[in-house]
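The values are calculated or read from the model by the stated rules, or taken from the named source; none is laboratory data. Because the structure is a prediction, the values reported are computed rather than measured. Using ideal geometry, Cβ is built from the backbone for each residue, glycine included, and neighbour counts are taken over all protein chains shown.
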Amino acid sequence: MFRDKRFLLAIPALAVLSLGTGCGGGNQQVTAAELVQKADQACREEQSKFREIQATPPANASDAADQTKALIQVVEDASSTIDDLEPPDALRTPLDGYLSARSGAIDEMKKGQDAADNQDSRAYGAAQAAVLKSAPQRRKLADSIGFKVCSSNANAV
């Protein structure tokens, strides 16, 4: 089912998900500048880990599923770090929207992992396409907060 290498090589697109596991439950009060600095650092680390994970393209569907699972964990970790930041009131709504968009991308990545587990290249490709399609919205939301790194790399969420 995974004969077309384009699907396997598109895994970085799944990463296009600077993402979130929850919205609004932050516990570290930060200024707007601190929010940008700390979130961008989390996204910088996310992108670095994505490059490491994706250094070797998956050879088969099982490898694709494993790689996607590792990417999902990285995105969830970054999203959790960002969600733990309590922004000024003026940035709460934009941050919630951004984290929600990341969460949606994570959901699509999980669909892609399931598809790879089931050797369903069509569903795998559809999940990747959904992540890619939502990338501009995540970028727009990140920009509205002032993030420079988050959602700026097509190889990470």
**OP:** Report the residue count in the range 88-124 for those that are charged (D, E, K, R), touching a residue at least 24 places away in the same chain (Cβ under 8 Å), under 30 Å from PHE147 (Cα atoms) and surrounded by fewer than 19 Cβ atoms within 10 Å (Cβ to Cβ).
**Re:** 3
Subject >> Any hit, the range 24-32, residues being surrounded by 19 or more Cβ atoms within 10 Å (Cβ to Cβ) and either in a helix (DSSP H, G or I) or among the hydrophobic types (A, V, I, L, M, F, W, C) (or both) >> reply: no
Original post:
Looking at (1) touching a residue at least 40 places away in the same chain (Cβ under 8 Å); (2) more than 13 Å from the chain's Cα centre (by Cα); (3) part of a helix (DSSP H, G or I), can you tell me which one GLN37 breaks?
Top reply: (1)
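Select from the range 124-151 the residues that are among the hydroxyl-bearing types (Ser, Thr, Tyr) and under 12 Å from ALA39 (Cβ atoms) and list them in ascending order. Let's see the steps before the verdict.
Here is the first cut: in the range 124-151, the residues among the hydroxyl-bearing types (Ser, Thr, Tyr) are 124, 134, 144, 151.
Matches in the range 124-151: SER151 only.
Which of the residues spanning the range 72-84 are of a type outside the set (Asp, Glu) and either surrounded by fewer than 20 Cβ atoms within 10 Å (Cβ to Cβ) or free of Cβ contacts under 8 Å to residues at least 24 places away in the same chain (or both)? I'd like the intermediate steps shown before the answer.
Going through the range 72-84, the residues of a type outside the set (Asp, Glu) turn out to be 72-75, 78-82.
Result: GLN73, SER80, THR81.
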Original post:
touching a residue at least 12 places away in the same chain (Cβ under 8 Å) and not polar (S, T, N, Q), is that true of GLU52?
Top reply: no
Original post:
Pick from VAL74, VAL131: which is modelled with pLDDT under 95 and closer than 19 Å to SER152 by Cα?
Top reply: VAL131
Original post:
Taking the condition out of contact with any Ser or Thr (no Cβ under 8 Å at 6 or more places or on another chain), without any contact (Cβ under 8 Å) to a residue 60 or more places away in the chain and aliphatic (A, V, I, L, M), does ALA127 pass?
Top reply: no
